[in-house]
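These notes are about the structure you will find just below.
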Amino acid sequence: MTTLENAPTGTGSVGLTRSSPRTYEVGRSLSTDYFGLKDQLSPDELALLLKARTFVDDEVLPVIGDFWERAEFPRELARRMGQLGLVGDGIQGHGCPPMSATGSGLVNMEVNRGDGSLGTFLGVQSGLAMKSIDMLGSEEQKARWLPGLARCELFGAFALTEPLHGSDSVALETTARPDGDSYVLSGEKRWIGNASIADVVVVWARDTEDEQVKGFLVEGGTPGFDARRMEGKVSVRAVWQADITLTDVRVPAGNLLPGARTFKDTGRVLATTRNSVAWGALGHATAAYEVALSYCGQREQFGRPLTSFQLVQDKLVRMLAEVTAMQLYCMRLARLAESGQLTDTIAALAKFNNTRKAREVILEARELLGGNGILLDYHVVRHMADIEAIYTYEGTADIQELIVGRNITGRSAFA
C-alpha cells in the first residue's frame, strides 16, 4: 500500500499525497473485489469498468470537491462521459455505445464512486430521458434525440414529480389538453434533474380527454416552459434540480411518445432505473470503504497504524461484508436483466437493500476518519450527504418495501 512517504503526486495516486492539501485520492489498485467477481466479466465489460475507473480517478476525483462545494455543475465532465462512450445504459443503436446490462451497471457504480452528482446526472440523462425515448418513442424521435444525448452534446431531463405528488406520482395533476394538431401542457414539476440546462424534457401529463398519463417531448426554450434551478441543496450539490412551471406550453402532437399511453408505461421506465440506483449505491459504499481502508493504513495514533487496532479491523470487515453483499445483488440483477428475467420487484428489493446498506457503510467510514471525515479533501462526507438523495429518489425505501411486500404477501398496503 502506498504510504505518505512514497505516495505519487499524479492524479491517479492512492492515499494521501503531499502535492496539495486537496489531493486525497483513491486509485485503481484499491478496487474492491474480495470475492473475485471480475472473473465473471467479459473482456468488453472489464474494459468498460477500467475506462470508467480511470476517468473517475484521473479526471473526477481531483476536481469534484470544488464543484460540489460551489454547487456548480461540472458540464465538461458530463460531456467527457459522452466522449468516452459511458452514456447509454445499454440502449442498442442510434449512436449509443454498446454495453451489456452488467457493463452499464459497472459504469453507474464507478461514476457514483467518483461523485453522486455526476451519477445522478448519468441516471437522468441515460436511465430516464434516453430510456423513455428508447422504450416509448418513435423511430423518428429516437433518431433525432438519442445520438446527441449519448454523446452528451445534448442534455435531457425527465419531469414526473410534482410539488404535491412525490411518492404518489400516479396522482400527478399536470394536464395535456389536445388542441388541433398540438397538445397544450399546464402544471408544475419539482426536483427535475437537468431541467434548467436540458435540450429536451420528457414531461408526464394527464390527457384531459381520456384521463391517462402520457409522455411528451418538450424542447428547451419552448414558450411557457420555465425551469428554475433549486437552491439550498446539501446533497448531490454539483447537479442541478429544477422547479418547472408549464404555462400553456404548446407541443406538436408528434412530440407525444407513442408508447406512453398509461402510467404503467411510465412505471416500465422507472423499474429500469431502480437497477441503476442499486449499482450507484454500491459505488458510494465502495468509495467510502476504500478511503477508510487507505486512511486507516496510513494514519498513526498511539504509535501504531489505525489498522492494527481490533475496533478498526472490526469496522472494516463489517463494511467489506456489506460492500461484497451489494456486489452480489448487483451482479445477479445484471444477469437477470440480460436474460429477460428481471422484475420490478427484484429491482425494488435491490434498491432498498443497497441504498440502506450504503448509508451504513459510509457512516462507518466517516467515523473511522475522525475529524477528517467531515472534510471534503477526504471525500467521505460528500458521499455521506449524497447518499441521502440516492436513498430517497426513484422511490423511497418505504415505497420499495411496500412494492416487495405486496409481491410476497399478495396484499397491497398502498392507500
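Would you call THR222 crowded, with 20+ Cβ neighbours inside 10 Å and polar (S, T, N, Q)? Give the steps one after another, and end with the answer.
Numbers: crowded, with 20+ Cβ neighbours inside 10 Å: no; polar (S, T, N, Q): yes.
Answer is no for this residue.
When region 325-344 is filtered for residues that are of a type in the set (S, T, N, Q) and within 19 Å of the chain's Cα centre (by Cα), only GLN327 remains.
Quick grid of which residues meet (1) in contact with a Lys or Arg (Cβ under 7 Å, 6 or more places away or on another chain); (2) surrounded by 17 or more Cβ atoms within 10 Å (Cβ to Cβ); (3) modelled with pLDDT of 90 or more:
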site	(1), (2), (3)
MET331	no, yes, yes
ARG335	no, no, yes
LYS351	yes, yes, yes
ALA358	no, yes, yes
ARG382	no, yes, yes
SER412	yes, no, no
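Being in contact with a helix residue (DSSP H, G or I) (Cβ under 6 Å, 6 or more places away or on another chain) and not assigned by TED's automatic domain parsing to the domain that holds GLY221 is a description that does not apply to ASP134.
Counting only residues that are β-branched (Val, Ile, Thr), under 24 Å from ARG70 (Cβ atoms) and touching a strand residue (DSSP E or B) at 6+ places or on another chain (Cβ under 8 Å), how many does region 219-243 have? Don't jump to the end; show me each part of the working.
Step one: filter region 219-243 for residues β-branched (Val, Ile, Thr), giving 222, 234, 236, 239.
Right, trim to under 24 Å from ARG70 (Cβ atoms) and you get 234, 236, 239.
Keeping just the survivors that are touching a strand residue (DSSP E or B) at 6+ places or on another chain (Cβ under 8 Å) gives 239.
Of the residues in region 219-243, 1 are β-branched (Val, Ile, Thr), under 24 Å from ARG70 (Cβ atoms) and touching a strand residue (DSSP E or B) at 6+ places or on another chain (Cβ under 8 Å).
Tell me yes or no: at least one residue of region 40-47 is assigned to a helix (DSSP H, G or I) and surrounded by 24 or more Cβ atoms within 10 Å (Cβ to Cβ).
Filtering region 40-47 for residues assigned to a helix (DSSP H, G or I) gives 40, 43-47.
Next cut, surrounded by 24 or more Cβ atoms within 10 Å (Cβ to Cβ) only: none.
No, region 40-47 has no match at all.
Scanning region 274-311 for residues that are in contact with a strand residue (DSSP E or B) (Cβ under 9 Å, 6 or more places away or on another chain) and either aromatic (Phe, Trp, Tyr) or under 19 Å from ILE399 (Cβ atoms) (or both), we see that the one that is surrounded by the most Cβ atoms within 10 Å (Cβ to Cβ) is TYR295. Of the residues examined, LEU342 is one that is assigned by TED's automatic domain parsing to the domain that holds GLU401, surrounded by 12 or more Cβ atoms within 10 Å (Cβ to Cβ) and farther than 30 Å from LEU369 by Cα. Answer yes if at least one residue in region 76-89 is over 22 Å from ALA287 (Cβ atoms) and not in a helix (DSSP H, G or I), and no otherwise. For region 76-89, residues over 22 Å from ALA287 (Cβ atoms) and not in a helix (DSSP H, G or I): present. In region 154-168, the residues that are within 21 Å of ILE133 (Cα to Cα) form Cβ pairs under 8 Å with partners that are among the aromatic types (Phe, Trp, Tyr), at six or more places apart or across chains, as follows: LEU154/TRP145; GLY156/TRP145; ALA159/TRP204; LEU160/TRP204; THR161/TRP191. When you check ALA365 against the structure, is it more than 18 Å from ALA278 (Cβ to Cβ) and small (Gly, Ala, Ser), yes or no? When the stated conditions are applied, ALA365 passes them.
Under the condition of being farther than 18 Å from ALA271 by Cα and modelled with pLDDT of 95 or more, the residues counted in region 148-178 number 14. In region 121-161, of all residues being in contact with a strand residue (DSSP E or B) (Cβ under 6 Å, 6 or more places away or on another chain) and of a type outside the set (A, V, I, L, M, F, W, C), the one that is nearest to VAL56 (Cα to Cα) corresponds to GLN125.
The values are calculated or read from the model by the stated rules, or taken from the named source; none is laboratory data. Quantities reported herein were computed from a predicted structural model and do not represent experimental measurements. Cβ coordinates were reconstructed from backbone atoms using ideal geometry, including for glycine residues, and neighbour counts include every protein chain displayed.
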